[in-house]
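Colleague: Have a look at this one.
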Amino acid sequence: MHLQYAKAKESDGQYREAATYYESARDYESVIRLLLHNLNSPEEAVRIVRETKSVEGAKMVAKFFQKLSDYNSAIQFLVLSKCMDEAFQLARTHGKMELYAEILGSDATPEDYKSVALHFENERNHFLAGKFYYLAGVYPKAVKHLIRAAQSTSTEDSESIQMAIDVIAAADDDGLTRQLIDFLMGEVDGIPKDAKYLFRLYMAKHQYREAAKTAIIIAREEQNSDMVPILTSTVIECQRSGLKNSSFNFAAMLMRPETRGQIDERYKKKIEAIVRKPQKTEEEEKTSPCPFCSSPVEETSLECAQCQNSLPYCIATGQHILADDITICPSCTFPAIRAELIKLVEDGESCPMCSTTLDVNKLTPSANWKSIILNIEAPN
C-alpha cells in the first residue's frame, strides 16, 4: 500500500510525500533517487546510504558526485557500493590514489595495496610506492623505494628512513637489514646518515646492546658539537646545588680561549665572576658500596678506585648499581637498582632503556647479575 501511494505521489510531482512513502515501504533506492534528482537533497541521500548500506543507492550517489566533479565523494561511494574497479580507475585518473587506499581502510587486501603501489611506482613516486608495498607485505620492494625516496631529496628524508626502519622490523630479514645499514652508513651514496636512524633501527630490531653502543656514540658526538651550552648549564646547576668547587672547575674550562667567545652573553659575566672569585667548598657526594668489592664509591661514579672495575649503571637513576638490591629488565637485560626501578614502574613509566612496559611482579632480585652484566659488551 505504501509503495502504491509513493508511485502515485511521484506521478503527481509530489516528490517529498513520495519519498516519505517510499521510505515507509523500505524502497530506499527510490528514496535516494528522489532526493538526488528531484528534491536537491544530496546530504539526506548520503545519510540514508550510510544508514542502510544500500549498494545501489551508493552507486547513485557516486554518479551524482562524479557529475559535480566531486571525485573524493564519488570514490568514497563507489567503494561503499563495492565498485572497486570503477573507484580505482577514477582515483588513478584524477590523482586520488592515496584517498582511495585510505577509504579502503581495514577492508583493503594485499592485492589492493599492491595495485596502489604499482601505480605510484609507475609515477616514480618512490615514497608512496614504498609505503604501499610495505602495507602489501612486499618488503624488498618497499625498502628499495624508500631508500630511493630518501636519496631523492637534498636533505635527509626522515619520514622515508623511519618507514624503511618500520619495514625492516616487520620483515625480520637479515639481507634487508644489511641493505638498510649500508645505506645509513653511507656505503650506497657516500653520505653517512644521522646516527639516530641506526639507533632507531637497532631498537626496532630489539638489538639493545648495539643500540646502547650507538647511543653512546651519538652522545659523544653531541657533546663535541654542543660542548659550550652543556658546560654552561653544568656551571649554573653546580652553582645552584652548592657544588662550588665543581662550578669553578667547569667555569675555568669555559674561559679557555677556544671556548670563551662562544659563551652566551646572558651568562658570561656570571661565569667570569665564578672564575675570578672562586669558592671551592662543597658538600661531598654521598657514597655507596662498590658492587664488586664493597669499597665506598661516590654514587654517580662508574669506576672503583679500589678494585679498578668499571661499575654498571642503574638505568633508573644513572648511579652505579648496588649488589644487594639489583634487578634486570626482562626485555633488554640492563641492570637497575630494584627499589628505584619499581618506583618508576609504579609511576606508570616503562623501561628507561628499551621502553618496554614492565610488570612490578617480574622485577625480582637478581642473584646472578654478574654473569648477565659481564656478557654485555662494553662499547668501543
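Colleague: Which percent of the accessible area of the chain is formed by carbon and sulfur heavy atoms (probe 1.4 angstrom)?
Modeller: Summing carbon and sulfur atoms, their accessible area is 47 percent of the total for the chain.
Colleague: Treating the angle as unsigned and between 0 and 90°, give the value, to the nearest 10°, between the Cα long axis of helix 227-240 and the longest Cα principal axis of the chain.
Modeller: Between helix and principal axis, roughly 70 degrees.
Colleague: Based on the mean of other beta carbon atoms within 10 Å per residue, what is the order of 360-368, 171-179, most packed first? Write out the running numbers ahead of the final one.
Modeller: Numbers: 360-368: 11.4, 171-179: 14.3.
For the peptides 360-368, 171-179, the packing ranking is 171-179, 360-368.
Colleague: I've got another one for you. Given Cβ point charges of +1 (Lys, Arg) and -1 (Asp, Glu) and nothing else, what value in debye, to the nearest 20, does the dipole of the stretch 111-257 about its Cα centre take? Walk me through the numbers before you get to the answer.
Modeller: Working: 17 positive and 20 negative charges, 117 e Å.
It comes to approximately 560 debye.
Colleague: How do 102-113, 336-347 rank on mean C-beta neighbours within 10 Å, highest first?
Modeller: Numbers: 102-113: 13.4, 336-347: 17.4.
Sorting 102-113, 336-347 by mean packing, highest first, produces 336-347, 102-113.
Colleague: Order these peptides, 311-323, 250-262, by their mean beta-carbon neighbour count within 10 angstrom, highest first.
Modeller: Details: 311-323: 20.2, 250-262: 14.2.
Top to bottom by mean Cβ count within 10 Å: 311-323, 250-262.
Colleague: Next question, about the same structure. Take the eigenvalues of the Cα gyration tensor for the chain, scale each by 5, and report the square roots as semi-axes in whole Å, largest first. Spell out each step's value before the answer.
Modeller: Working: eigenvalues 826, 129, 122 Å².
Its equivalent ellipsoid spans semi-axes of 64, 25, 25 Å.
Colleague: 222 nm [θ] for the chain, helices only, -39500 (n - 2.57) per DSSP H run of 4+, per residue, to 500? Write out the running numbers ahead of the final one.
Modeller: Numbers: 21 runs with 227 residues, N = 380.
Computed ellipticity for the chain at 222 nm equals -18000 deg cm²/dmol.
Colleague: Using a 7 Å offset from the Cα along the Cα-to-Cβ direction at both ASP12 and SER158, what is the distance between the two label points in nm, to one decimal?
Modeller: Label at ASP12, label at SER158, 6.8 nm between them.
Colleague: State the answer as a single residue: which of ILE236, PHE248, ALA215 lies farthest towards the positive end of the charge dipole of the stretch 212-252, with beta carbon charges of +1 for Lys and Arg and -1 for Asp and Glu, about the Cα centre.
Modeller: PHE248
Colleague: Among the listed pairs LYS196/LYS244; LYS196/LYS270; LYS244/LYS270; LYS213/LYS268; LYS63/LYS114, which are separated by more than 24 Å between their Cα atoms? Mind showing how you got there, number by number?
Modeller: Values: LYS196/LYS244 35 Å; LYS196/LYS270 35 Å; LYS244/LYS270 13 Å; LYS213/LYS268 35 Å; LYS63/LYS114 27 Å.
Too far apart for the 24 Å limit: LYS196/LYS244; LYS196/LYS270; LYS213/LYS268; LYS63/LYS114.
Colleague: Just grab the label-to-label distance for GLU123 and ARG240, each label 7 Å out from Cα along the Cβ direction, in nm (one decimal).
Modeller: Roughly 5.1 nm, to one decimal.
Colleague: Let me ask something else. Report, in degrees rounded to the nearest 10, the 0 to 90 angle that the Cα long axis of helix 195-204 makes with the longest principal axis of the chain.
Modeller: Computed tilt is about 70 degrees.
Colleague: Another question, then. With +1 on each Lys and Arg Cβ and -1 on each Asp and Glu Cβ, and nothing else charged, work out how big the dipole of the chain is about its Cα centre, in Debye to the nearest 20.
Modeller: Values: 44 positive and 55 negative charges, 124 e Å.
Taking the Cα centre of the chain as origin, the dipole is about 600 debye.
Colleague: Tell me the angle of helix 174-184 to the major Cα principal axis of the chain, expressed in degrees between 0 and 90 and rounded to the nearest ten.
Modeller: Value to nearest ten degrees: 70.
Colleague: Name the residue farthest towards the positive end of the dipole of the chain from the options SER355, SER11, TRP369, assuming +1 on Cβ of Lys and Arg, -1 on Cβ of Asp and Glu, about the Cα centre.
Modeller: SER11
Colleague: Full-extension gain between ASN38 and ARG209, please, as 0.36 nm times their residue separation minus the C-alpha to C-alpha distance. Provide the component values of the computation, followed by the final result.
Modeller: Working: separation 171, 0.36 × 171 = 61.56 nm, distance 6.95 nm.
Gain on extension, ASN38 to ARG209, equals 54.6 nm.
Colleague: How many Å² of accessible area per residue for the chain, probe 1.4 Å? Working shown, then result.
Modeller: Details: 21910 Å² over 380 residues.
Here the residues of the chain average 58 Å² of exposed surface.
The values are calculated or read from the model by the stated rules, or taken from the named source; none is laboratory data. The structure displayed is predicted, hence computed values, not measured ones. Note: ideal-geometry Cβ built from the backbone for every residue, glycine included; neighbour counts use all protein chains shown. Quick note on the areas: whole protein, heavy atoms, side chains included, nothing else; ligands and nucleic acids left out. Shrake-Rupley method; radii C 1.70, N 1.55, O 1.52, S 1.80 Å.
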